[in-house]
């Protein structure tokens, strides 16, 4: 049973690790309110 | 008598004065009160020429219909005060898209249930031999599960965004549903990167085995042997059904990823105007001048449609890879499949492997 599901767990854990790294990176990328609502911003 | 005549003259004067000033106020407005004269717009012109010959009604109607003006800040989108396409998108998402998507998913489950009742589990007809052959190595299995697990999470969190509000609040309450959906949205945004990585690795791992050939035509003509016992059309490492799944995952996954990235980075990644230009070469008439907001709205709509179609197809894939066929799960479980299973479903591949000196056929006791 262990061998049968090992690949599944490895893939799932890898997906979660990638998601956590992506989450950290994307959170760091977010603009502050001052940047977001500046008239210089095109993402307003 | 003279007094009576005087009173009549005064009354007449007051009436005349009242009529005079009333007409004057109608023409120019009442000074000090700032009341606009209603009749001034009767000819379609507005005083002071601030908007030319456009009346307020015409002016606001044009804004409501999405007319775009000019602004001096860098964000040109601010020139459009009202964008009605959002209403239409919401009506589509909550109407036909949710309705037909729901029927698609429920219909898939019903069809698979009927197939199971009619055909039963597809057994290894020659029985399990105990000899196994390596079908997928550890890297291939890892890639499969990386893509599969991330897709399942994406599907569940995505379905929650589309249908959750109709069901889950009644089960766990509105506050819990709001928290669940918020965390689900974060999970959706973040785990999407694992899915994107998965389909890229899957493409490079398996594309050379998934090029269509004549054997696929024969396999499809025989219905893949799915509907009758004793029928095993020849197939190489991937049969035509698996190739269809592969290309659905690659092309559909790429489309989902592209539209998803456009939603993750709205107004920065825009893909629909360019795509429509290419499609219009084939005689279609899709709009090719899209605002940034329209681009995002098309991305949201397409993302949902593609996701629903892919979920329905992957449900069928999960069925046939688990309860629907004996021995199929081992291919992505341990990677070792029974040689009799392989000969029934992928006989050309087994011949290729056996003709190789280092053929990975092994002797393993059945579990």
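Quick note: the coordinates plus some simple rules give every number you see, no bench work behind them. Worth saying up front: this structure is predicted, and the values here are computed from it rather than measured. Note: ideal-geometry Cβ built from the backbone for every residue, glycine included; neighbour counts use all protein chains shown.
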Sole residue being more than 26 Å from residue A:7 (Cα to Cα) and within 12 Å of chain A (Cβ to nearest Cβ), chosen from B:195, B:183, B:151: B:183
It is to be established whether one or more residues within segment B:277-295 are away from every other protein chain (no Cβ under 14 Å), more than 20 Å from residue B:108 (Cβ to Cβ), surrounded by 17 or more Cβ atoms within 10 Å (Cβ to Cβ) and without any contact (Cβ under 8 Å) to a residue 60 or more places away in the chain. yes
In segment B:112-133, which residues are under 37 Å from the mean Cα position of the chain (by Cα) and under 13 Å from residue B:228 (Cα atoms)? B:115, B:116, B:118, B:119, B:120, B:121, B:122, B:123
Please give the number of the condition residue B:103 fails out of (1) surrounded by 18 or more Cβ atoms within 10 Å (Cβ to Cβ); (2) more than 9 Å from every other protein chain (Cβ to nearest Cβ); (3) free of Cβ contacts under 8 Å to residues at least 40 places away in the same chain. (1)
Which numbered condition trips up residue B:145, out of (1) facing chain A (nearest Cβ under 10 Å); (2) surrounded by fewer than 17 Cβ atoms within 10 Å (Cβ to Cβ); (3) more than 21 Å from residue B:304 (Cβ to Cβ)? (2)
Can you say whether residue B:332 is touching a residue at least 12 places away in the same chain (Cβ under 8 Å), surrounded by 19 or more Cβ atoms within 10 Å (Cβ to Cβ), under 16 Å from residue B:238 (Cα atoms) and within 12 Å of chain A (Cβ to nearest Cβ), as far as the supplied structure shows? yes
Residue set B:245, B:269, B:199; condition touching a helix residue (DSSP H, G or I) at 6+ places or on another chain (Cβ under 6 Å) and in a loop (DSSP other than H, G, I, E, B); output residue B:269
From the residues in segment B:231-242 that are closer than 17 Å to residue B:209 by Cα and in contact with a helix residue (DSSP H, G or I) (Cβ under 6 Å, 6 or more places away or on another chain), which one is surrounded by the fewest Cβ atoms within 10 Å (Cβ to Cβ)? B:234
In the list B:315, B:339, B:311, which residue meets the criterion of being away from chain A (no Cβ under 14 Å), surrounded by 19 or more Cβ atoms within 10 Å (Cβ to Cβ) and over 30 Å from residue B:85 (Cβ atoms)? B:339
Scan segment B:58-74 and report the pairs whose first residue is more than 14 Å from chain A (Cβ to nearest Cβ) and whose second residue is surrounded by 14 or more Cβ atoms within 10 Å (Cβ to Cβ) and assigned to a helix (DSSP H, G or I), with Cβ atoms within less than 8 Å and a gap of 6+ or a chain change. B:66/B:85; B:68/B:79; B:69/B:79; B:70/B:79
